[in-house]
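What follows is a set of notes on a single structure, which appears directly below.
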Amino acid sequence: MNKAITEGVTFQPPAFANGLDVWSSGDGTPGSDTYHNAANAAFVSADQDFGGCLEIQKQTTVTQLRYMGETPILPGCYLQITARVKCLSGIFPSVRVAAWAGGAGGAAVTGIPLTATSVSITTYGTIAEVKAIVGTGARTGVDLPWGTAPLYGHFGIDLTGANGGVVRVDDIEIEDVSNVFLGDRIGMVDVLDYGAVGDGVTDNVAAFEAADAAAAGREVYVPAGIYALTDHMTFENRVRFEGTLTLPDDKQLLLLKNYDLANYEDAFGDRVLAFKKAFQVLMDFSDHESLDLCGRRIRLTEPLDMQAAVNNRTVFASRRVVRNGQFQVDPDASWDTEEVTSLGTYDANDPKALTNVANASNILVGSLVEGVGVGREVYVSEVNASQSSVTLSEPLYAAGGTQVFTFKRFKYIMDFSGFDTLSQFTLDSIEFQCSGISSAIMLAQTGVIFHIKDCFITRPADRGITSPGRGCQGMLIDRCNWNSEDTGLPVEDRTTIGFNSNSNDVKIRDNRIVRFKHFAVIGGTGSVISGNHWFQGDSEVDGIRTAGIVFTRTNVKSLITGNYIDNSYIEWTNEHESDPDFANQLPFGGLTVTGNVFTVNDVAPWFRFLVVKPFGTGFYIHGLSVISNAFKALNGWIDRVDGVDTSFAELNYNSMRNITFEGNTYDGITTEVYNPLRQTHTETSEQVHWSIDLAPRLPFGGKSRFVESLVPLGAITDENDTRITEFPYVLVGQGDGDQVRVTWPHAAKGTITIMARMDRPD
């Protein structure tokens, strides 16, 4: 850049031959004395070295020579002042480039350097050349860094030292040398040119703002150094960082044109801090909907408190995305689980509260609650230390009274629990390398549509995704890969859980899940679970298996469709009910299991693929469809695919409604179950009453409760082989409840097919 060429700016003062009335013997300001007709000075037209020049006899301690024209000081423009001086006689003086700086309104600017280094003249007739560079930026090689306050200068020289010497001064030169400093940064605006100082102390907000305002579409350049900022800074233009910034935690750096982690890392010099500051902007500025991690790995030695990074809000409900990167956990004590035991009281009439909790202030929000009568995946949603109370994410099924509870606070790579509400937030194409040290993600207390897609959750120490409250409403988990830390352990020793949910409408689609204790503990309703493959086996012979999906509500109105359910099962409970005995609540129901592939190998015969576990008495099933699934056992047979865990209670089989088991295929299964059940029965001798045993082919060992049809296969005859034309009647629930009795008008023999049910369809 050269302003004289590009913009026609004039820097060069006139030659002395044009008159001395523009050359001041003072500071150069209007009204100061000039060398025109001065007694101690004259123009010399023909010097052997200089041609035309000014001859001065030094008569004052500091003899000044200043051009009275206002030489402009422009950001990004660097001027070199050159003077050549020789001594003819008398005492040798010293010479230096000197100036006066003018600011707004013609006022003198103070506090900046106005003189350069002096050069001593030591012999007569020898030319001493002095140079100095002046400009706005404090760059290496700039002798007079003036910042942005001066608007112009009066430039020249000072003669210092003893008086009496006679000197001649060649025409003073002022030239634009900006290209020396800009080099290949042509087209950029350098913050140094606007007064920035990279000393780690000086506040540079004003300088950065001025540079950005001047850029007008060009790139802003922040050279090497440490630049302190004390307030928010917004760059409207692209910015390139070689230097780094310091910025208070509650202040933001906004990069409107190149907002991504790479540029924030350049700005702050630390990748973790860069992520926090970039996330801060993502959650507080409307121009960006996503933060690109640029494929970078962020190594962590402590959990990321996501709300603390934002700092100024606890509620956020606009779409935001963090994508395309990796978090890796390094060992540190900050990842250790914090465990507290405390005495507390539970009352089923206040189902999500613990009261009279000793030392409640020691209990951390997000802690897993353990104790007698506590179901799986119950967390602390809120702590009120002043009231000695704790709010729970789910009710407890049998914990009435006072007992000692254990509270375990796992540590998470991304911990959103500080947000009261976080909605429409997405994590996309991110790997969480937990390394068996940390868990991956903890959700906010409330929120709608937390979306995790195309992510890898690798070796979480305890949990993949935890919902301590209702931040899982409408949660979406799509196309993620889950690898457990417990992969090498026998099933019975595993402790890690993929995720839990407490609210409705989660969608779990197309994931791959390897060897967790449970893939999901689902507390809400309205779930869609499709296209996933979870497998939980081990190499143990006749080993046990755990549930891949655990439902903790009775009426789940959920779909399990098109999954590969490998060496695990579906468990259906009501463990998150404070009064688990059936009263006025809905029964088990609303579950559709269709088009799945179920596989198991090397297990004991009592293994089941679908297990209902009532935690209280009186429950029945109203609405279950198990249709078009493929059930297969390898390396041994299992008795059946369905079962009831009666650890707490049995089902009420007399109230069953709308249960369908049909279109399934069975391989390696001893007893195939159907509802409705088509069964053929033959009586070879004449009997009035035909007893047809449906056990054990009805689901869950149910009772015979309804006959849809009865069809003779061939003639039904009496003792004379005469065809009986009268139709029989049937009685259900006979014997132990699993038989149907067909009664003829008189003794008969023959073959019939009946279609019987263990439920009533009405």
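The values are calculated or read from the model by the stated rules, or taken from the named source; none is laboratory data. Keep in mind it's a predicted model, so treat the numbers as computed, not measured. Quick reminder, even Gly has a Cβ in these numbers, built from the backbone with ideal geometry, and neighbours come from all protein chains shown.
When residues in the range 431-469 are screened for being of a type in the set (D, E, K, R) and either in contact with a helix residue (DSSP H, G or I) (Cβ under 6 Å, 6 or more places away or on another chain) or touching a residue at least 40 places away in the same chain (Cβ under 8 Å) (or both), 3 of them pass. Of the strands (runs of 3 or more DSSP E) lying entirely inside the range 408-469, those containing at least 1 residues that are among the acidic types (Asp, Glu) and closer than 16 Å to residue 498 by Cβ span 425-433.
Quick one: would you say residue 389 is of a type in the set (S, T, N, Q) and either surrounded by fewer than 23 Cβ atoms within 10 Å (Cβ to Cβ) or closer than 28 Å to residue 295 by Cα (or both)? Answer is yes for this residue.
Would you mind stating whether residue 209 is farther than 30 Å from residue 325 by Cα, at pLDDT 95 or above, within 37 Å of the chain's Cα centre (by Cα) and surrounded by 16 or more Cβ atoms within 10 Å (Cβ to Cβ)? Here the answer is yes, as residue 209 does meet what is asked. For the range 656-670, name all the residues that are polar (S, T, N, Q) and over 21 Å from residue 621 (Cβ atoms). Passing the criteria: 665, 670. Among the residues of the range 482-493, is any in a strand (DSSP E or B) and not basic (Lys, Arg)? Yes, the range 482-493 contains a residue that is in a strand (DSSP E or B) and not basic (Lys, Arg). Looking at the structure I just gave you, is residue 631 touching a residue at least 60 places away in the same chain (Cβ under 8 Å), within 54 Å of the chain's Cα centre (by Cα) and closer than 16 Å to residue 611 by Cβ? When the stated conditions are applied, residue 631 does not pass them.
Starting from residues that are part of a strand (DSSP E or B) and either over 19 Å from the mean Cα position of the chain (by Cα) or without any contact (Cβ under 8 Å) to a residue 24 or more places away in the chain (or both), keep the ones in the range 313-343 and report whichever is farthest from residue 265 (Cα to Cα). Can you show your working first?
Here is the first cut: in the range 313-343, the ones part of a strand (DSSP E or B) are 315-316, 320-329, 338-343.
Keeping just the survivors that are either over 19 Å from the mean Cα position of the chain (by Cα) or without any contact (Cβ under 8 Å) to a residue 24 or more places away in the chain (or both) gives 338-343.
Details: 338: 32, 339: 35, 340: 38, 341: 42, 342: 43, 343: 47 Å.
Out of the qualifying residues, it is 343.
The residues in the range 119-148 that are polar (S, T, N, Q) and touching a helix residue (DSSP H, G or I) at 6+ places or on another chain (Cβ under 7 Å) can be counted, and the count is 2.
Test of understanding: among 546, 552, which residue is in contact with a helix residue (DSSP H, G or I) (Cβ under 9 Å, 6 or more places away or on another chain) and of a type in the set (Ser, Thr, Tyr)? Lay out the reasoning, then the answer.
On the way: 552 fails: in contact with a helix residue (DSSP H, G or I) (Cβ under 9 Å, 6 or more places away or on another chain).
Just a single option satisfies the conditions, and that option is 546.
Answer yes or no as to whether residue 405 is farther than 25 Å from residue 374 by Cβ, of a type outside the set (S, T, N, Q) and not assigned by TED's automatic domain parsing to the domain that holds residue 280. Judged against the criteria, residue 405 is not a match.
Is the range 515-525 home to any residue that is part of a loop (DSSP other than H, G, I, E, B), on the phi > 0 side of the Ramachandran plot and assigned by TED's automatic domain parsing to the domain that holds residue 450? Explain how you work it out, then say what you get.
Applying the first criterion (part of a loop (DSSP other than H, G, I, E, B)) to the range 515-525 yields 515-517, 523-525.
Still in the running and on the phi > 0 side of the Ramachandran plot: 515.
Narrowing further to those that are assigned by TED's automatic domain parsing to the domain that holds residue 450: none.
No; the residues of the range 515-525 include none that is part of a loop (DSSP other than H, G, I, E, B), on the phi > 0 side of the Ramachandran plot and assigned by TED's automatic domain parsing to the domain that holds residue 450.
If you go through the range 464-495 and keep only what is surrounded by 24 or more Cβ atoms within 10 Å (Cβ to Cβ) and closer than 19 Å to residue 565 by Cβ, you end up with 464, 477, 480, 482, 484.
Taking the criterion of being in a strand (DSSP E or B), assigned by TED's automatic domain parsing to the domain that holds residue 536, at pLDDT 95 or above and surrounded by fewer than 16 Cβ atoms within 10 Å (Cβ to Cβ), would at least one residue in the range 606-619 satisfy it? No, every residue in the range 606-619 fails to be in a strand (DSSP E or B), assigned by TED's automatic domain parsing to the domain that holds residue 536, at pLDDT 95 or above and surrounded by fewer than 16 Cβ atoms within 10 Å (Cβ to Cβ).
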